[in-house]
Amino acid sequence: MAKKTSSKKEQSIEESLWNTANKLRGKVESSEYKHVVLGLIFLKFASDKFEARRQELIAEGKDKYLEMKEFYNMKNIFFLPEEARWSYIMQHAKQEDISLKIDTALHTVEKHNPSLKGALPDNYFSRLGMD
């Protein structure tokens, strides 16, 4: 059986981060890149873990527990309300208020997960004035 080849070129993490930094050039000071990129990487990582646990709950027939943070926390996974999920951010990525949505997502993650209190940036993306 022949292997399927992907038409989309896969990038290493280094290439992806470099390309992201290039897109930010001129909009953000180079010393600030890490704050922008790491905040988004955290949000994506937390969302991936959340979605994987959500699928486990569905597979186990526990649909009624999908919005209960205890069922995520018991597996050391941060609970993410809808507005804090990566899928929500991507769905609204082209809107003018995306920076506000990212700030809201980070604030909401922190609010629903007390162990993160004070760890995530507060209104960081809105202050940068980026689209």
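The values are calculated or read from the model by the stated rules, or taken from the named source; none is laboratory data. This is a predicted model, so every value here is computed, not measured. Note that we place each Cβ from the backbone using ideal geometry, even for glycine, and neighbour counts take in every protein chain shown. SASA here: full protein model, heavy atoms, side chains in, ligands and nucleic acids out. Shrake-Rupley method; radii C 1.70, N 1.55, O 1.52, S 1.80 Å.
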Can you give me the Rg/Rh ratio for the chain, using Cα atoms for both radii and the Kirkwood formula for Rh? 1.03
So L38 and I98, fully extended at 0.36 nm per residue minus their Cα-Cα distance, gain in nm 19.9 nm
For Y124 and A59, what is the calculated FRET efficiency with R₀ set at 35 Å and r taken between the beta-carbons, to the nearest 0.05? 0.45
Roughly speaking, to the nearest percent, how much of the chain's 1.4 Å accessible area is carbon and sulfur? 54
Rounded if a/c under 1.5, otherwise prolate or oblate - the range 81-131, Cα gyration tensor axes: oblate
